[in-house]
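The values are calculated or read from the model by the stated rules, or taken from the named source; none is laboratory data. Note that the structure is a prediction, hence the values are computed from the model and not measured. Note that we place each Cβ from the backbone using ideal geometry, even for glycine, and neighbour counts take in every protein chain shown. Only protein heavy atoms, including side chains, enter the accessible area calculation; ligands, DNA and RNA are left aside. Shrake-Rupley method; radii C 1.70, N 1.55, O 1.52, S 1.80 Å.
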Amino acid sequence: FGPIGECWNVACSLYFFYVFFFPLPKSTDRTTGLESYMFVLVLLVPLWAGVGAWREFGQPIVYGVLAARNLTVIAGVLFFARALRRGYFTLDEIETALLTLSWATLVLFTWMRVFLDPANFTQYPGLVSVASPDFYLQPYFILYGAVYYGLRGVRFGRLGDYVRAFLFLAGEINSSSRTLMVSLVLSLLFFAWRWAGWRRFLLRVPAALA
């Protein structure tokens with residue numbers, strides 16, 4: 001947690017209080033069930049962690065609560081959901097922005113791993129992994145690209161989408177955690193079954209795994 005991260009956590013916390021305690025009278029600003037669910041998560045999960053640490057190790061509850069303070073970034077979801085309902089941008093614009101970030105991140109990270117030596121960047125905390133001599137890079141935009149093209153391939157049966165999904169998965173197959181990769185593959189299989197039915201699902205399993 002650096003200074004910028006701490007300021008961001010405070011800003012997200014303030015936005016949560018703004019959303020739930022100072023709502024605007026417009027109908028589009030009424031709290032939805034999803035927003036209430038996220039608010040409960042932000043309140044209960046840190047408290048649960050704090051109480052658990054206190055019972056097991058005698059640690060003050062407030063320490064456990066503060067350790068989970070980055071959960072307040074969920075407020076970003078509320079911000080975008082409300083901005084979308086107000087018409088500040090469209091779903092097509094969000095889709096385009098996320099795909100642009102996915103491709104840009106894939107190209108940048110691939111270039112870094114091919115042409116740069118992680119040993120030359122050990123003086124930058126958080127950039128190089130301690131467990132292995134590799135860059136510690138956040139894979140989320142790349143995984144979004146894998147999910148996006150994988151689900152679109154399952155939905156419409158386009159070979160090009162499967163190829164793009166494979167490119168994104170190949171870019172993170174050795175960098176992301178096994179749990180994350182297994183969850184991703186299981187999600188693709190689930191939607192392949194829901195959308196295609198059993199017969200078509202059995203035919204599309206190899207493509208979905210790609």
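Report yes if F109 is touching a residue at least 24 places away in the same chain (Cβ under 8 Å) and surrounded by 10 or more Cβ atoms within 10 Å (Cβ to Cβ), otherwise no.
yes
Does any residue of region 172-186 turn out to be open to solvent by 90 Å² or more (accessible area, probe 1.4 Å), under 27 Å from V114 (Cβ atoms) and modelled with pLDDT of 65 or more?
Within region 172-186, one or more residues are open to solvent by 90 Å² or more (accessible area, probe 1.4 Å), under 27 Å from V114 (Cβ atoms) and modelled with pLDDT of 65 or more.
Contact list please: Cβ distance under 8 Å, first residue in region 59-75 and aromatic (F, W, Y), second residue modelled with pLDDT of 80 or more, pairs at least six apart or on different chains.
Y63/G50; Y63/A53
What pairs come up if the first residue lies in region 113-131 and is part of a helix (DSSP H, G or I), the second is open to solvent by 70 Å² or more (accessible area, probe 1.4 Å) and at pLDDT below 80, and their beta carbons are under 6 Å apart, counting only those six or more places apart or on different chains?
Filtered contacts from region 113-131: P118/P133.
Scan region 43-72 for residues that are at pLDDT below 80 and within 19 Å of the chain's Cα centre (by Cα) and report the count.
Number satisfying all stated conditions: 5.
Just need a number here: residues in region 116-126 that are polar (S, T, N, Q) and at pLDDT below 80.
So the answer is 2.
Inspect region 194-202 for any residue being modelled with pLDDT of 75 or more and among the hydrophobic types (A, V, I, L, M, F, W, C) and give the result as yes or no.
No: region 194-202 contains no residue that is modelled with pLDDT of 75 or more and among the hydrophobic types (A, V, I, L, M, F, W, C).
Scan region 42-63 residue by residue and report those that are assigned to a helix (DSSP H, G or I), open to solvent by 50 Å² or more (accessible area, probe 1.4 Å) and not β-branched (V, I, T).
L43, L44, L47, W48, W54, R55, E56, F57, Y63
Please find, within region 64-95, the residue that is nearest to C12 (Cα to Cα) out of those that are in a helix (DSSP H, G or I) and open to solvent by 80 Å² or more (accessible area, probe 1.4 Å).
F79
How many residues, within region 127-171, are within 15 Å of F109 (Cβ to Cβ) and at pLDDT below 85?
Here the count works out to 13.
Among what's in region 20-36 and is surrounded by 10 or more Cβ atoms within 10 Å (Cβ to Cβ) and closer than 18 Å to T72 by Cβ, pick the residue that is modelled with the highest pLDDT.
Going through the qualifying residues, I end up with S36.
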